[in-house]
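S.K.: The structure's right below; bear with me while I get my questions together.
The values are calculated or read from the model by the stated rules, or taken from the named source; none is laboratory data. Predicted, not measured: the structure shown is a model, and the values here were computed from it. Cβ: placed from backbone, ideal geometry, glycine included. Neighbour counts: every protein chain shown. Accessible surface areas use protein heavy atoms only, side chains included; no ligands, DNA or RNA. Shrake-Rupley method; radii C 1.70, N 1.55, O 1.52, S 1.80 Å.
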Amino acid sequence: MIHDTGLTAALDRKDFAALEEEWLRLVAEAGSSLQPFLTAADGMERLGQPERAGPLLELLDQALQEQNLWPERLELLRAAGRRFVRTGRVHETVIETIERCYADREAELRYAMAAVGLDKAKDETPKLWDKVDRLRALLQYCPGLVVAMAGKGVGRIVEVNVELQTLKIDFERHRAMAVGLRAAGKLLEVLPEGHLLRRKLENPQELEALTPAALLQQTLQSYGRPLTGAEIREAVTGIVPETKWTSWWASVRKHPRLVATGSGSRATYTWADSAAEASTQLLDQLAGADTRGQIELLKRAVAQGDPELATAVASRLSDHAAEVQSRDPSAAFEAWVVLEKLGDPPWRPHDHLATATSPDQVLDGLSTRVLRERAYTVLREAREDWRAIFERRFLFETDPRLLGFLIDTLRADGNDADTLLDRVLSQPAKSPDAFAWLAAAAVEDATLQQRYGLRLLRQILRGIGDDSFSAVRARLMEQIEPGGAVPRLIAALDKAGASEAAEAVRQSRLAEHQRRPLLNALYLRYPELEPEREAPLYATPASLVRKREELRHLVEEEIPANRRAIEEARAMGDLRENFEYKSARQRHEYLSARAATLHGELARARPLEPGQIQPDQVRIGTAAELEPPNGGQARRLVILGPWESSPERGVLSYESELARLLLGRRPGDAVEVDGEQFVIARIETVTEA
């Protein structure tokens, strides 16, 4: 910086001899910043000594040329060329310098200079530097440069065609993508050395080895601006596995150097130089924060172990306790829960909840399960009418664990919860979350299975197809899968109930792969309910073994493992933004559909037995040798089941059009295959492809 040199001091003293001496010393130092020299030259001109600046600037120019610092020389010409370059030579000198800057890109430079008009006008016009800027913008892109583009990710420039004004860029999923040079400035971000996105492309293993805190620090410092949680997630995708994002983010958000501004999905994050600096920034936020903002700051202070910030926020909330309780009772309750972790809160919520005309207002304003459960506990302690409140809240509560808490609390106190559950089952569309909870509870509760049985089964099937249950449809769908409520209810039905259940399943809006396992379970208990079987599916013994093993692996290993993954993901919190839960649910749907398909196919499967297959005609389990009547290439076609079908190897499914053409034909018969005439020369028995 200029303040670190002797040039400023010499200027202040107007000691021009000392200034020149210091100037010469600095010129001899390779790589010195231009700014001290330019500031000193301005100072000399301001002090009426412009004749001293010209020769000194010329010495600096010569030094830059000797050291091949051509980009720096170009900047010197821009800032002070008029002071030391002979009149009429500025344009020519600039062109010479530009040619030195891009000596390794001669062809591109020629086209670029023509494109911006630097190859024509030789006069020194105000447009000279505008043209230079346009030229440098065109030539900033070179092969090998790493860039980022919204929606495309990170890529590397592989070709620059200045003549056509286009770049070719290899993105991970879009190879050789063309981008116009004029649009490149708006679309592309050049990634410098060390930028997180560039390191992801060049050395992802190095990033994967970082601790969570170090990776977050690298991310925020690479961008140099506050990032939202969504932007951070996008940046670390590929480094942090999608299945680990929720836990990774939960851990790094507690770091004492992470500074959050705002709340919810709009919150942005920066990385402070130290924990003390982070605390200072959060304290600055406190001055303008409303009650909710203060509570967010208090949560962060407690989570990050920042006693100074926690004390400051607690003091602010305590000073306005009465105002907070009257204006926003839900916020007051939330503040009390957090303040309780620090010691004695400045108020108790019992008094407010005990006298509130509508405690629902407090409960509806609490956004998390933990807060609402705590409020329910306080209500039970503070009010005599808590039972009526619990019963009313059960009909409208949305969190499954809180629904269980309400019912368990009522039962523990000797209340009759069955009447409440009957009400839910009678009108499930009015309380869809409570109904979904009831269906899930029936999985393990034999009393519920016996009490509601067929009635609950019917309502579950209706709910899956009813738009009134769209918010809980995924939870209802879980109940038709292996281990869910519907298979448990089926197992407890008598014959009459099973018959009605089978009809309900057939009339439901379930897909065939969802309906089939339920019907198979009913038919297994009561075979007489099963309608006439579908056509058999013939397969080789080896295929049967493979399919049975695939089904066993699905039912005994993959589906249970996936169900555990769903439970682990659900335990992480809000399902609306829980990628792990959604991913596990999608995987579960695929596995269940595949298992149902295998169930149905294996139920129809019949093995091909060589001893029962006669080669007197083309049958399932035979191979036909086809020969052209006039000579040529013979063909061998094998007829097996759909599981073995491989047309490229000449193995046909008996369900295919060509196989149906051949079935029943005998040796000597003429057939047409793919437009060619053949004669069946011989037939032999086969049991494998």
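S.K.: Amide H of THR228 versus every other amide H placed in the peptide plane: which residues, excluding those fewer than 5 positions away on the same chain, fall under 5 Å?
M.R.: TYR269
S.K.: Just how far, in whole angstrom, is segment 538-558 from segment 637-665 if you go by their alpha carbon centroids?
M.R.: The two parts, judged by their Cα centres, are 22 Å apart.
S.K.: Counting heavy atoms of the protein chains only and a 1.4 Å probe, report the per residue accessible area for the chain as a whole number of Å².
M.R.: 52
S.K.: Continuing with the same structure: Project the alpha carbons of segment 487-540 onto their principal axes and report the range along each, largest first, in whole Å.
M.R.: The principal-axis extents, from largest down, are 37, 24, 19 Å.
S.K.: If you fit an axis through the alpha-carbon atoms of helix 50-66 and take the longest principal axis of the Cα set of the chain, what angle between them do you get, 0 to 90°, nearest 10?
M.R.: Approximately 50 degrees, to the nearest 10.
S.K.: When only C-alpha pairs under 8 Å and at least 6 residues apart count, what is the relative contact order of segment 208-342, in percent?
M.R.: So the answer I get is 18 percent.
S.K.: Against the longest principal axis of the chain, how steep is helix 212-223, in degrees 0 to 90 to the nearest 10, with axes from Cα atoms?
M.R.: 50
S.K.: Using 30 Å as the Cα-Cα cut-off, could you pick out the over-long pairs in LYS152/LYS582; LYS131/LYS200; LYS127/LYS186; LYS200/LYS582?
M.R.: LYS131/LYS200
S.K.: For the residue pair GLU609 and GLU231, what label-to-label distance in nm results when each label sits 7 Å from Cα along the Cα-to-beta-carbon direction?
M.R.: Going from the GLU609 label point to the GLU231 one covers 7.2 nm.
S.K.: Where the only charges are on Cβ atoms (+1 Lys, Arg; -1 Asp, Glu), what is the dipole of segment 155-266 about its Cα centre, to the nearest 20 debye?
M.R.: Computed charge dipole of segment 155-266: roughly 440 debye.
S.K.: How much length would be gained if the chain were fully extended between ASP399 and ARG156, taking 0.36 nm per residue of separation minus their Cα-Cα distance, in nm to one decimal? Walk me through the intermediate numbers first.
M.R.: Numbers: separation 243, 0.36 × 243 = 87.48 nm, distance 4.77 nm.
Computed gain between ASP399 and ARG156 is 82.7 nm.
S.K.: Given a 1.4 angstrom probe, I'd like the percentage of the accessible area of the chain that is carbon and sulfur, rounded to a whole number.
M.R.: Carbon and sulfur together cover 49 percent of it.
S.K.: To the nearest 10 degrees, how steep is helix 16-27 against the longest Cα principal axis of the chain, on a 0 to 90 scale?
M.R.: Helix 16-27 sits roughly 40 degrees off the main axis of the chain.
S.K.: Between THR398, ALA439, LEU420, whose Cα lies farthest towards the positive end of the dipole of segment 341-467 when Lys and Arg beta carbons carry +1 and Asp and Glu beta carbons carry -1, centred on the Cα centre?
M.R.: Of the candidates, ALA439 comes out farthest on the positive side.
S.K.: Charges at C-beta only: +1 for Lys and Arg, -1 for Asp and Glu. How large is the resulting dipole of segment 1-141 about its Cα centre, in Debye rounded to 20?
M.R.: Numbers: 20 positive and 26 negative charges, 106 e Å.
The calculation lands at about 520 debye.
S.K.: Taking H as built 1.01 Å from N, whose amide H comes closer than 5 Å to the amide H of VAL673, not counting residues under 5 places away?
M.R.: It is PHE678, by chain and number.
S.K.: Pick out, from ILE157, LEU135, THR243, the residue whose Cα sits farthest towards the positive end of the charge dipole of segment 86-244, with +1 on the Cβ of Lys and Arg and -1 on the Cβ of Asp and Glu.
M.R.: LEU135
S.K.: For segment 64-174, calculate the relative contact order in percent as a whole number, restricting contacts to Cα pairs under 8 Å that are 6 or more residues apart.
M.R.: 17
S.K.: What number in nm² do you get for segment 111-265 if you take the convex hull of its Cα atoms and divide its surface by four?
M.R.: Averaged projected hull area, Cα only: 11.8 nm².
S.K.: Once every Cα of segment 356-448 carries one equal point scatterer and solvent is ignored, give the base-10 log of I(q)/I(0) from the Debye formula at q = 0.11, 0.21 Å⁻¹, two decimals.
M.R.: -0.29, -1.09
S.K.: Now for a different question. Enter the Cα centre distance for the pair segment 493-536 and segment 43-113, rounded to the nearest angstrom.
M.R.: Comparing the Cα centres of segment 493-536 and segment 43-113, I get a distance of 88 Å.
S.K.: So what's segment 456-606 giving for Rg/Rh, alpha carbon basis, Kirkwood Rh from the mean inverse pair distance?
M.R.: Taking Rg over the Kirkwood Rh, I get 0.99.
S.K.: Additional query: At a probe radius of 1.4 Å, what is the per-residue accessible area of GLU189, in Å² to the nearest 10?
M.R.: Number for this one is 80 Å².
S.K.: Quick one: putting +1 on the C-beta of Lys and Arg, -1 on the C-beta of Asp and Glu, what dipole do you get for the chain around its Cα centre, in Debye to the nearest 20?
M.R.: Working: 92 positive and 107 negative charges, 239 e Å.
Roughly 1140 debye for the chain.
S.K.: Along each of its three principal axes, how wide is the spread of alpha-carbon positions in the chain, in whole angstrom units, largest first?
M.R.: 114, 100, 37
S.K.: Another one. Taking θ as phi - 60°, what are the ³J(HN,Hα) couplings along segment 552-558 by the Karplus curve (6.51, -1.76, 1.60), each to the nearest whole Hz, with x for Gly and Pro?
M.R.: So the Karplus estimates, Gly and Pro as x, are 4, 4, 5, 6, 8, 10, 5 Hz.
S.K.: Can you give me the relative contact order of the chain as a percent, contacts being Cα pairs under 8 Å and 6 or more apart? Can you show the working numbers first?
M.R.: Numbers: 827 pairs, mean separation 33.5, N = 689.
This gives 5 percent for the chain.
S.K.: Another question about this same structure. What list of ³J(HN,Hα) couplings, whole Hz, do you get for segment 244-250 from phi and the Karplus terms 6.51, -1.76, 1.60, once you set θ to phi - 60° and write x for glycine and proline?
M.R.: So the J values, rounded to whole Hz, are 9, 4, 4, 5, 4, 5, 4.
S.K.: Among rounded, prolate and oblate, which fits segment 165-242 when a ≥ b ≥ c are the square roots of the eigenvalues of its C-alpha gyration tensor, a/c under 1.5 means rounded, and a/b larger than b/c means prolate?
M.R.: Note, shape of segment 165-242 comes out prolate.
S.K.: Let me ask another. Got a sec? Charge dipole of the chain, +1 on Cβ for Lys and Arg, -1 for Asp and Glu; which of ALA681, LEU297, ALA312 is way out at the positive end?
M.R.: ALA681
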